[in-house]
Amino acid sequence: MTEKMKLDIYPDQASGSVAIAREIADIIRTKNAKGETAVLGLATGASPLKVYAELIRMHKEEGLSFKNVKTFNLDEYYGLTHDNDQSYWYFMHHNLFDHIDIPEENVNIPCGTMPMEEVAEWCDGYEKKIDEAGGLDFQLLGIGRSGHIGFNEPPSDPQSKTRMIHLHAITRSDAAPAFGGLENVPTDAITMGVGTIFKAKTIILMAWGASKADIIKRTVEGEMSDDVPATYLQAHPNCKFVVDTAAASALERSK
Ligand code: GLP
């Protein structure tokens, strides 16, 4: 077997996203039935959009409640304020939180605007907050074409914690159209570390479309290495990749 990850292939992003949303809803319902808060790690980017749309639909049509859910987002660009439409704060509110019943005080997103000298202390506080919430029950991940998870660019340490990181050239050029040009893309970001992500009890990484086929092949079939931080997930006890046929197209099994 050349594959080093558990991997489910769906015909398209829509069907894969519905399957992921169902798993998230199951975690929320199971925890809430025991009177416990579900703690979710959430991602941004184009990849989770249909997952969030399905969670909103389940909230509106099936009564899925987020009142007893806490969320921790993976990352945020450094230097962007909440009202900037490229900030992850804006993204999360616009695409999920404004449409569900989660209490705002249960929402945690890395801050991109604290002064440089406060960043390290702020990041330690984020780690503590996750631990005090009981740790992440679930973490949703996309993957960057640099092999990053969150903004853990190569070469990120497998033990890394929440910190400031310098963005990879591929990441900045992928983001350039949304920012109206490379010169407007922030150079740095705050991200949960690989070690922070690894403490999640369950992890799902999603990837859709042919542009992710090469990095999915390197992550799923390649050796674990800091050149592709996503390969560290090969060692997680409860991690699964959910991809569409296009993102799976370079895998040996697709040939
Ligand atoms: C962004 C985010 C990642 C995301 C990745 C892929 O830069 N920081 O968390 O997974 O890049 O983005 P997309 O889903 O738009 O392809």
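The values are calculated or read from the model by the stated rules, or taken from the named source; none is laboratory data. Given the structure is predicted, the values throughout are model-derived calculations rather than measurements. FYI the Cβ positions are ideal-geometry reconstructions off the backbone, even for glycines, and counts take in every protein chain you see. Note: accessible area is taken over every heavy atom of the protein model, side chains too, but ligands, DNA and RNA are not part of it. Shrake-Rupley method; radii C 1.70, N 1.55, O 1.52, S 1.80 Å.
Step through the residues of the stretch 191-201 one at a time and calculate ³J(HN,Hα) from phi using the Karplus curve (6.51 cos²θ - 1.76 cosθ + 1.60, θ = phi - 60°), rounding each to whole Hz and writing x for Gly and Pro.
9, 4, x, 4, x, 5, 4, 4, 6, 5, 5
Of all the accessible heavy-atom surface of the chain, with the other protein chains kept in place and a 1.4 Å probe, what percent is carbon and sulfur?
Details: 5700 of 10990 Å².
C and S fraction of accessible area: 52 percent.
Which of Val194, Val39, Val119 ends up with the largest GNM mean-square fluctuation for the chain, with Cα atoms connected below 10 Å?
Judging by the Gaussian network model, the answer is Val119.
Starting from 0.36 nm per residue, how many nanometres of slack lie between Phe179 and Gln86 once their C-alpha separation is accounted for? Don't jump to the answer; show the numbers that get you there.
On the way: separation 93, 0.36 × 93 = 33.48 nm, distance 0.71 nm.
Here the segment from Phe179 to Gln86 would lengthen by 32.8 nm.
Do the alpha carbons of any pairs in Lys34/Lys240; Lys60/Lys128; Lys129/Lys217; Lys161/Lys217 sit beyond 29 Å of each other, and which pairs? The partial results should precede the final answer.
Values: Lys34/Lys240 25 Å; Lys60/Lys128 33 Å; Lys129/Lys217 35 Å; Lys161/Lys217 26 Å.
Check vs 29 Å cut-off fails for Lys60/Lys128; Lys129/Lys217.
If R0 is 25 Å, what FRET efficiency do you get for Asp214 and Lys161 from their C-beta distance, rounded to 0.05? Please list the in-between numbers first.
Values: r = 29 Å, r/R0 = 1.16.
Calculated transfer efficiency: 0.30.
Once the Cα atoms of the chain are picked out, what are the Rg and Dmax in Å?
Rg and Dmax of the chain, Cα atoms, are 17.2, 51 Å.
How far apart, in nanometres, would the label points at Ala19 and Asp188 be if each is projected 7 angstrom from Cα along the Cα-to-Cβ direction?
Going from the Ala19 label point to the Asp188 one covers 4.0 nm.
Please report, in debye to the nearest 20, how large the charge dipole of the chain is about its Cα centre when each Lys and Arg carries +1 at its beta carbon and each Asp and Glu carries -1 there. All intermediate terms of the calculation are to be shown ahead of the outcome.
Values: 25 positive and 37 negative charges, 185 e Å.
Using only the charged Cβ atoms, the result is roughly 880 debye.
Hey, in the GNM for the chain with a 10 angstrom Cα cutoff, which one of Asn32, Asn184, Asn73 fluctuates hardest?
Asn184
Can you give the helix-only mean residue ellipticity at 222 nm for the chain, where every DSSP H stretch with n ≥ 4 adds -39500 (n - 2.57) and the sum goes over all residues, rounded to the nearest 500 deg cm²/dmol?
Details: 7 runs with 82 residues, N = 255.
Dividing the helical sum by the residues of the chain leaves -10000 deg cm²/dmol.
For a quick check, take a GNM of the chain with Cα springs below 10 Å and name the residue from Ala189, Ala178, Ala43 with the largest mean-square fluctuation.
In this elastic network of the chain, the residue with the biggest mean-square fluctuation among Ala189, Ala178, Ala43 is Ala178.
PRE reach from Lys255 (point 7 Å along Cα→Cβ): which of the stretch 202-242 fall under 14 Å by backbone N?
The answer is 214, 217-218, 221-222, whose backbone nitrogens lie closer than 14 Å to the label point.
In the chain, with Lys and Arg counted as +1 and Asp and Glu as -1 at Cβ, which of these residues, Ala175, Tyr10, Pro186, has the Cα nearest the positive end of the dipole, that is, farthest along it?
Tyr10
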